[in-house]
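Report on one structure; see the data block that follows.
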Amino acid sequence: MALLHGAKQLLGRMAGAATTARAEPEVAPSAEVELLTPTRPLQMVRLNAAFAPLVDSIPPSCRDTPSMMSLPEKQLLFGLASRYYDGTGIIVDAGIFLGGSTRCFGEGVRSNPRHEEIVRNWPRPIVSYERAIVNPNMPQFFRKHGLTLAAAPGESFESELRRNIDPVKDLIDLRIGDFMDATGPDCPVEILFLDILKAPALSLRAFQRFHSRLIPGRSLVIHQDYFFEELPWIKTHQEALADYFEFVGEIGSSAIFLCRKEIPQAVLDGLGNDLAPAEQLRLASIALHRSADPARRFFMALSKMRLIRKLQGRLAARAYLEVIKTEFPEQVDQTDNRRLGHALRRAEEFLAKKPGKAHKEGMRAAEQRVPSP
Ligand SMILES: C[S@@+](CC[C@H](N)C(=O)[O-])C[C@H]1O[C@@H](n2cnc3c(N)ncnc32)[C@H](O)[C@@H]1O
C-alpha cells in the first residue's frame, strides 16, 4: 500500500512535469495519474498521464507481426506514431528483428492525421536498423511462433523481415547491416526506440549517434531493454544523462524518457570515458528505483549484480546476490512465475562462469526470447 501511495505521488510529480511536453490534443497532459495497473509481476503499465491514453487498440497486422515485445509495448509504439508524432523529426527504430516495431510505427504514421504533411517533410520518416543475421537463440523463437523460417544461425532473415514490413515499406528507410558501421541520420529524431544496445560499444554508438539529435520537450527515448535483468551499461549510459531527461514511465521491459534539454555532443563523447566505479553503482541504484513494480526492481538489482561483478569481482557480486535474495523474498519464492525463476537461474549461472564467457553469454541472452511471466 505504501508502495502504491509512493508511486502515485511520484506519478503526480511526473504528470506535472509533462505539462511542458508539446503533446497533441488527444494526449493533453493532466495532473491526474491515468494508468497505474498493479497487476501480475512485470505486467504493470505505469505511464505519465499525458501518454497513458496512447496505449490502446492496434490494427491486427501490428498484433500479428512476430516480435519479442509484449502487446502493450506494441500498442504504445502504434499510439505514439499515430497520435503523438507530429513530424518535427524522424522516428528511429534500432534493432527491429522481424519488423514488429517498424510495422507498428509504419501503420501508426499511416493513420496519423498529419500523415501527408509528415511525408512531405520526411518522405521516409522511419529509419530502421537491423543486421538480419540469425543468432543461436532465434531458431527457438521461430519454432515457438510457428514460423516456417528455415534460416540457421549465421544465415540471413532479411527476406522474412522485408515481407513483414512490406505494407508500410514506402515509409521506411531500412538499413540492413552492422549497426557499428551504420551512418546517419543527420536530422532531428522525435522518437527513438532502442532494442539494439546488446553490448557496451553498441550502446555508446547509439547514444553518441542519436542523443544529440533529440528535440528538447518533444523527443522520446524508449529503451526496450531497460527493465531487463542484464545489460547494465544501458542503465549507466541513460542515467548518466538524467539531467537531460524526465522519466515518463514503464511498460513491458521498456522505460520511456522525455528529453528536456539539448544534450551537448561533448557530454555524449564523454560517456565513453570510464566513470568511477562508485558513480556507476550509484547510477545503477537510481535506475533500480525508476520502477514501482517490485519484480522489475528485482530485475534491476540482478542487472546491478552484473555490474558489481565487472567492477568488484565475483565474490562481491555473489554477496550482493544474497542481499537481493533477502530483499526480494517474494520474487525469489514465486516459483510459478517462469520469468522470475529464469532471471534468477541465469544470474546464478552467470556467477558460475568465467568472466569472458559470462559477458558473451549475457549478450546472447539479451537477444533471446525469455519466458512470459
Ligand atoms: C532483441 S532483438 C529486437 C527485437 C525486436 N525489437 C522485436 O520487437 O521483436 C535485437 C535485434 O538487434 C539486432 N542486432 C544486434 N546487434 C546488432 C548489430 N550490431 N547491428 C545490427 N543489428 C543488431 C539483432 O539482429 C536482433 O534482431
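Each residue in region 168-221 was checked for being more than 20 Å from the chain's Cα centre (by Cα) and hydroxyl-bearing (Ser, Thr, Tyr), and 1 of them qualify. Just one residue in the set Pro72, Pro123, Pro66, Pro113 is assigned to a loop (DSSP other than H, G, I, E, B) and either under 30 Å from Gly154 (Cβ atoms) or within 15 Å of the ligand (Cβ to nearest atom) (or both); that residue is Pro66.
If a residue counts only when it is farther than 29 Å from Ala52 by Cβ, which helices (runs of 4 or more DSSP H) contained entirely in region 150-258 have at least 3 such residues? Please lay out each step first, then the result.
On the way: elements: 158-165, 200-210, 232-240.
Passing ranges, in order: 158-165, 200-210.
Scan Ser128, Ser101 and give me the residue that is closer than 21 Å to Arg63 by Cα, hydroxyl-bearing (Ser, Thr, Tyr) and near the ligand (Cβ under 9 Å from one of its atoms). Give the steps one after another, and end with the answer.
Details: Ser128 fails: near the ligand (Cβ under 9 Å from one of its atoms).
It is Ser101.
Flag set for Val168, criterion: among the aliphatic types (A, V, I, L, M), within 16 Å of the ligand (Cβ to nearest atom) and in the same structural domain as Thr148 (by TED's automatic domain parsing). Can Leu54 be described as in contact (Cβ under 8 Å) with a residue 24 or more places away in the chain and more than 14 Å from the ligand (Cβ to nearest atom)? Spelling it out, Leu54 is indeed in contact (Cβ under 8 Å) with a residue 24 or more places away in the chain and more than 14 Å from the ligand (Cβ to nearest atom).
Grab the helices (runs of 4 or more DSSP H) fully contained in region 272-347, keeping just those with 3 or more residues being under 19 Å from Gln224 (Cβ atoms).
On the way: elements: 277-288, 294-312, 314-327, 329-333.
Answer list for region 272-347: 277-288, 294-312.
The values are calculated or read from the model by the stated rules, or taken from the named source; none is laboratory data. Here the structure is a predicted model, which means the values were calculated and not measured. No Cβ is skipped: glycine too gets one built from the backbone with ideal geometry, and neighbour counts run over all protein chains shown.
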